[in-house]
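Every number here is computed from the coordinates shown, using simple stated rules; none is lab data. Since the structure is predicted, the reported quantities are computational estimates derived from the model, not experimental observations. Neighbour counts run over all protein chains shown; Cβ positions are idealised from the backbone, glycine included.
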């Protein structure tokens, strides 16, 4: 089930909220029970079989954390049990996500043509597996105590607002709220507004941008031009941001409606002045996960320069691989790894001396190029797309199609550029402070428009669903 | 001297006590560890069994082909590139008789020089998949032969075609980016 679907907005969410709030606040256990049941129903909607995998994963990690603590209590290090949990989690993730990729690679290299069955990827497996691993590692490190109540832990792992596309919520960040949280009208209101904002980003902006990008990539060779391809990838650049950050907004908003405060996942990444800054603002929960559980244990930057470079390359190729089981994602991750190394050791200081617009331009060109590798899984086709963008594909600079796309999408692209800066939200907040009724009218407008698009529009993809 | 002796005696006693505690702890730990080991073995066995059944059953849900088509229309721009085709087209272009199969969805470009097409067939028995796969292979080969001498971009698309079997379904797509349709198909079942 998607947040941006009529079933969720008009049936699932209202029913869940009514039942949840019908229970008096002092019976938090019962409220948690409602949330757990709702989360499992939400997950089984699309994955009736894989809900068992999710429950299994919850038990595996719940049990492993208790064993880690028991081992430590008895004078051991807890490493054996930690290793068991990590190996099992990675095995599950590897089997579902990377088995097909591995077989394809073996077939390509050896030409063996081994037949295998491609399995459907359980929704959200990358997110909940990473959450589960962070929990066991944190218990091992002593950062957090193990959760003794299985149902409470299962709720943490399956909590429907963040289940499918994050943010990757660490257990220690919500441990207290699982046991004791307050509900207020203010939180509910702020959460609802955040949800509507996210819905608008996803439905009004991302879906239309996606349709534009799809139309451009489907153009026959004879109608392609340099500028058209730039418009296409620019549309994708905004689409992926509004799609994913919109979903994160909805997740954070839904959490807040039920008393949870999840970490922020995006902080206007497209206003960054360097790639380093971009990654401090993009998918922050994933970046901090890799920093804390891979980069720092590898030695971080407190090592020799060659080792630091190796650490960065390892972390960034893994980040790429996390996004998808394909070479283009590994290439995408490594591309950023190399650029971060260059910024750190080669030209970072020179970039800082550029005027602000130059720094923005540098960052955006690199980011836009990266989305070519991200959006086109076939590396050959991605390179063809890039060649055309940089006048090497033998296509004209512009043609009649370019004019058509420019005329029909200029407003959309302009609005997207504006909405990817803090300006719009700041203006809205000022408006809300001065004229609260107007702000409610704006939100209602966004909601109605989004629902209209949902009901009458037919194009509603979700890019991060598969991760 | 006496004080020293007493201290030594006390130390011994402490050590003995520690050893005794240590032994009993060792016995307790072994029991707890044994219990944990049994649970771990059960966990591994349950996982392997689950994976075996998922893999054997191919995890494909029994989804009506119509639902897959709805997902394709909703999540891709298929309607802009191709047009839905009927029973006669299926027979004419793919050589498949719709009556032999549970259901199907077939989209094809209307452009005279286009090769874009998408076919999803749900068979009645898994053994029927081989016949459908042969028909699709034949179609791709004949299209390549047809465009070989004058349509390099069409041939590139055809060489890049995706044919995939999953459960009782066969998915075939020739398009500029067939992966995006394949992804929707995979997500749908």
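Some points to look at:
- Per-residue [θ]222 nm for the protein assembly as shown (sum of -39500 (n - 2.57) over DSSP H runs n ≥ 4, rounded to 500): -21500 deg cm²/dmol
- Going by neighbour counts of Cβ atoms within 10 Å, the residues A:439, A:134 line up, fewest first, as A:439, A:134.
- With R₀ fixed at 45 Å, the C-beta to C-beta distance from residue B:34 to residue A:268 puts the FRET efficiency at about 0.25.
- Overall shape: oblate for the stretch A:187-466, with the ratio a/c of the largest to smallest alpha carbon gyration tensor axis at 1.5 or above and b/c at least equal to a/b.
- Inter-part distance, the stretch A:90-133 to the stretch A:308-332, computed on C-alpha centroids, equals 16 Å.
- Theoretical gain in end-to-end length, residue A:368 to residue A:74 [0.36 nm per residue, Cα-Cα removed]: 100.5 nm
- Once C-alpha pairs closer than 8 Å and six or more residues apart are averaged by separation and normalised to the residue number of the stretch A:6-181, the relative contact order reads 29 percent.
- Shape class for the stretch A:6-181: oblate, because the ratio a/c of the largest to smallest gyration tensor axis (alpha-carbon atoms, square roots of eigenvalues) is 1.5 or more and b/c is at least a/b.
- Rough spin-label spacing in nm, given labels placed 7 Å along Cα→Cβ, for residue A:185 and residue A:172: 3.7 nm
- Alpha-carbon centroids, the stretch A:262-286 and the stretch B:68-82: separation in whole Å: 33 Å
- Residue B:148/residue A:383 FRET efficiency (R0 35 Å; Cβ-Cβ; nearest 0.05): 0.90
- Rounded, prolate or oblate (a/c below 1.5 giving rounded, otherwise prolate when a/b exceeds b/c) for the protein assembly as shown by Cα gyration tensor: prolate
- Alpha carbon centroid spacing (whole Å) that separates the stretch B:107-131 from the stretch A:179-204: 45 Å
- If the segment from residue A:87 to residue A:431 were pulled out straight at 0.36 nm per residue, it would be longer than the present Cα-Cα gap by 118.6 nm.
- Which of B:176, A:80 has the fewest Cβ neighbours within 10 Å, and the rest in rising order: A:80, B:176
- Based on C-alpha pairs under 8 angstrom that are at least 6 apart in sequence, chain A has a relative contact order of 18 percent.
- Whole-number percent relative contact order across the stretch A:185-244, with pairs defined as alpha carbons under 8 Å at least 6 apart: 46 percent
- Calculated FRET efficiency, residue A:296 to residue A:112, Cβ-Cβ distance, R0 = 51 Å: about 0.80 to the nearest 0.05.
- Zone residues, the stretch A:129-158, relative to residue A:55, backbone N less than 18 Å from point 7 Å out along Cα-to-Cβ: A:149-158
- Ordering A:290, A:336 by the number of other Cβ atoms within 10 Å of each residue's own Cβ, fewest first, gives A:290, A:336.
- Separation in nanometres of the label points that stand 7 Å from Cα toward Cβ, at residue B:111 and residue A:418: 3.6 nm
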